[in-house]
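Below is one structure, written out as structure tokens; comments come after it.
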Amino acid sequence: MRFERREHRSTLLVIATPILAVVAALAIAGVLIALAGAPVFQAYWKILTSAFGSRLSATETLTRASPLILTGLAAAVAFRARLWNIGGEGQFYLGAIAASAASVHLFAGLPSLLQIPLLFAVGAVAGMVLLLVPLSLRLRFSVDEVVTTLLLNFVALLFVSMLIDGVLKDPAAFGWPQSEAVDAAARLPKLLARSRLHIGLGIAVVIAFLIYFVQTRTVFGVQSRAAGLNPSGAVFAGVPLGRTLVIVAMISGGLAGLAGTIEVLGVKGYVTTDLSPGYGYSGIVVAMLANLNPLGVVLAALFTATMFVGADGMSRSMGIPTYIADVTVALSLLSMLVAVFFTQYRIRR
Amino acid sequence: MMTETVLDISNVSKRFGDNLANDDISLSLAKGEIVALLGENGAGKTTLMSILFGHYVPDTGSVSVMGEALPPGKPRAAIRAGIGMVHQHFSLAPNLTVLENVMTGTENLWSLGSNVSAGRKKLVEISQRFGLKVDPDARLGDLSVGEQQRVEILKALYNDARILVLDEPTAVLTKLEAETLFSTLKDMAAQGLSLIFISHKLDEVMATADRIVVLRGGKLVAERRAGDTSKAELAELMVGRKVTRPLREASTPGEIVLEAAGVTVRSGGVDRLKAVDFRLRAGEVLGIIGVSGNGQAVLAQLLSGTIGRTAGDLVLFGKGVGDLTVADAVANGIGRIPEDRNRDGAIGEMAIWENAVLERLPEFSKAGLVDRKAGIGFAQKIIDGFDVRGGTPTSRIRLLSGGNMQKLILGRNLIEHPKILLAAQPARGLDEGAVAAVHERILEARRAGTAVLLISEDLDEVMALADRIQAIVGGRLSPSVNAEDVDAQRLGLMMAGEWEDTTHAV
């Protein structure tokens, strides 16, 4: 048996790939559910109803999907240009803490229309800065950014933890380590009343379309794709490699920082060290599931959020560990990687 | 010549989809014989050898070694029967030593120890017997390409190969390394090994093989003894029609368009180019000839705008320029054909049209938005005008064959009638038909008044195309000589650095 490169990829194949991958993952996870002693189809039905069965659950799922779209885009944009930004989690937290601190100490009292965009900018810049450090190390000294961005996650989280137990600690929080609540004017407007769903979802989706447009239609998009696919070919064609990577890093880090900002302004209003259930890391999975396509990221984020929210409900009613959500998402990623391989190769005897 | 048959391939056919890669091919090999398998890219040479080595299962037909049938599709059985394969792209691990590479796969996976001393003894013995000198403890990644190939051959011999198959062995070698290789191969044949080597280069086939088998379109079209044929006949058999490489006709060069005076490029503390001087005139071809690794790649990079100079002056159209950037080069009408088209000339996964416009995106965009329609039109014009086959503007460039990719690269440079064309090894790795097409285009540009700087290590190519020739040795350029005034021998001396007595600058 050998693998042979496919010469043409049909559109049907490209669309069917992620669907087949998810179906395969659900089938394999079904075996595990059966082993845990629950009826498989009922369990999946429960996941679906827990994620979308009521107004409350549906808005909750969408609320969870919003930061995942942004961290997914952050990873997808960077990976396209072969910039391995594994630091989404750290950039998320740095964006969140910078924005909340700015709201409390700098912009308090400003009207929403002015304050929210300013805070978005502050959060995005914080995320950028955290990614530009490892990028400059790579450009200057060829330091592998996989290692540096990954490790900076821990640095960032500990730094945030230090701040919210120190200078930024909320004196009214009965000693809990959390930052002071942001200005009321900084809270994001709700999309739906009596829910946690805020305009962050709309912003994330608009940004996904924006990124798609930039990647396919602009000079920068074509150049950054060239830089990612074949750096020396790109240099020969006059693509400024360093500058392209810097811009890519600013977009990627900025998006992750913005994800943190939107999460803190939209949901909680203050920063704790459990603000993110691993949104930065899950963003990597989302990006891979979407095959780095910005529009696919929206769907992949929705799927991941569904699994996480749905599995909670399923485990409560059927007595199966919630880990099944992690397992299913992980299996989807693996089957997606296999499926992507088969869109590029075919089996030949 | 002994007549004992060691290998018999009979009636082998293999189909890939609609493509009949091997059509009823029969071939035998005698002990101590060197057979060359000649054919253009896609003629079915590599498929046939993959069947021999058990990588593919043939649809029909069989292979037998020493009279015993080889089970199809089993590389291990092929190795055990004494077939050794030297791949075009080496299957060696750069982080292991020579000895480790050679021994990999020869020992039982379950044995705890590794019998290194016995392995070393055997390796040294083989390397002495066949004159394949190599340090067993050198890290493979530190060796030159020629030495790595030697290791690949040693690995086959270590497995007691009696039949050695070499897939385009000279594709990656310099001329000198190739000559060494062929004398080694002849030695090996004299010691009773049988060799098949795959090639599309007529010179080396004529010089080395006892017998030449020509494949075309999957069929075995001819078999000749080396003494009974000529290069012209082989070329015709291989391509299926008469091919003649074009020759330049006389012309009067115009004014100087590009001049280098004392240009030095230093990197890593070494002078890659040392005080280089040349003058390039409109409507002439200046050939820079040299064994690769002597600075021609650096010269090409400098003029392509991808690196800067350390000292000296570059004068473009009578005006001094600082360091050229790629954008300057493109804007000034300098066409550039890179030495390595896959690495530098194309982004394999991007569409043909994107590859066509990538270096001139400012022209094909408005306010930062790419004009896709104009780009596709531009690519279509190149495809039509330069006879690029095998793709449409929106298909990925990786799908094109080497020759067609090179035609596309030529096209994107020549279609706008550049004032200067920088062509680095423009015909490297191409088959005979494509070489003729590329040469014809370069001469056409010369007729139209383009100044061509041709960097090449192929004597025939330089003598056919260039008006004047300079040799490059160790980063230094010789004074230029008129192509009419020199023969191959003189050029050979110049390439070896002996030009002091040939000085008469033009």
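Summary table below
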| quantity | calculated |
| --- | --- |
| Selection within region A:42-51 - crowded, with 17+ Cβ neighbours inside 10 Å and of a type outside the set (A, V, I, L, M) | A:Y44, A:K46, A:S50 |
| Extreme residue, nearest to the other protein chains (Cβ to nearest Cβ), among residues of region B:1-31 that are assigned to a strand (DSSP E or B) and more than 22 Å from B:M66 (Cα to Cα) | B:F16 |
| Residue, surrounded by the most Cβ atoms within 10 Å (Cβ to Cβ), within region A:284-328, restricted to residues that are in contact with a Pro (Cβ under 9 Å, 6 or more places away or on another chain) and not in a helix (DSSP H, G or I) | A:A290 |
| Condition check for B:A77: in a helix (DSSP H, G or I), among the hydrophobic types (A, V, I, L, M, F, W, C), free of Cβ contacts under 8 Å to residues at least 12 places away in the same chain and in the same structural domain as B:Q191 (by TED's automatic domain parsing) | no |
| Residue check for B:A118: surrounded by fewer than 18 Cβ atoms within 10 Å (Cβ to Cβ) and not acidic (D, E) | yes |
| Selection status of A:L132, under 30 Å from A:S54 (Cβ atoms), touching a residue at least 60 places away in the same chain (Cβ under 8 Å) and of a type in the set (A, V, I, L, M, F, W, C) | no |
| B:K14 being in contact with a Gly (Cβ under 6 Å, 6 or more places away or on another chain) and either touching a residue at least 40 places away in the same chain (Cβ under 8 Å) or not assigned by TED's automatic domain parsing to the domain that holds B:V86 (or both) | no |
| Residue in region A:2-11 that is assigned to a helix (DSSP H, G or I) and either under 30 Å from A:T244 (Cα atoms) or at pLDDT 90 or above (or both) present | yes |
| In region A:236-273, the residues that are surrounded by 21 or more Cβ atoms within 10 Å (Cβ to Cβ) and within 14 Å of another protein chain (Cβ to nearest Cβ) | A:F236, A:A237, A:G238, A:V239, A:T244 |
| Helices (runs of 4 or more DSSP H) (entirely within region B:358-476) containing at least 1 residues that are in contact (Cβ under 8 Å) with a residue 40 or more places away in the chain, in contact with a helix residue (DSSP H, G or I) (Cβ under 7 Å, 6 or more places away or on another chain) and small (G, A, S) | B:402-414, B:432-447, B:459-465 |
| Candidate set: region A:207-235, residues that are assigned to a helix (DSSP H, G or I) and of a type in the set (V, I, T); chosen: the one farthest from the other protein chains (Cβ to nearest Cβ) | A:I207 |
| Cross-chain or 6+ apart pairs with Cβ under 8 Å, region B:294-305 first and within 12 Å of chain A (Cβ to nearest Cβ), then among the polar types (S, T, N, Q) | B:G305/B:T325 |
| Qualifying residue in region B:32-53 (condition: within 14 Å of chain A (Cβ to nearest Cβ), within 29 Å of B:L140 (Cβ to Cβ), part of a loop (DSSP other than H, G, I, E, B) and out of contact with any strand residue (DSSP E or B) (no Cβ under 6 Å at 6 or more places or on another chain)) | no |
| Matching residues in region B:245-291 - criterion: being closer than 30 Å to B:D431 by Cβ and among the charged types (D, E, K, R) | B:R245, B:R248, B:E249, B:E284 |
| Residue satisfying all of: in region B:334-353; assigned to a helix (DSSP H, G or I) and either in contact (Cβ under 8 Å) with a residue 24 or more places away in the chain or surrounded by fewer than 21 Cβ atoms within 10 Å (Cβ to Cβ) (or both); nearest to the other protein chains (Cβ to nearest Cβ) among these | B:R343 |
| Condition met for A:L94 (over 30 Å from A:R316 (Cβ atoms) and in a helix (DSSP H, G or I)) | yes |
| Tally of residues being part of a strand (DSSP E or B) and loosely packed, with under 13 Cβ neighbours inside 10 Å across region B:312-327 | 2 |
| Hits in region B:409-431 (condition: at pLDDT below 90, surrounded by fewer than 20 Cβ atoms within 10 Å (Cβ to Cβ) and of a type in the set (D, E, K, R)) | B:E416, B:R428 |
| Any chance A:G269 is over 27 Å from A:P189 (Cβ atoms) and small (G, A, S) | no |
| Residue in region B:276-292 that is at pLDDT below 90, outside any helix (DSSP H, G or I) and surrounded by fewer than 23 Cβ atoms within 10 Å (Cβ to Cβ) present | yes |
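The values are calculated or read from the model by the stated rules, or taken from the named source; none is laboratory data. Just so it is clear, the model here is predicted, and its values are computed rather than measured. Ideal geometry is used to build each Cβ from the backbone, glycine not excepted, and the neighbour counts take in all protein chains shown.
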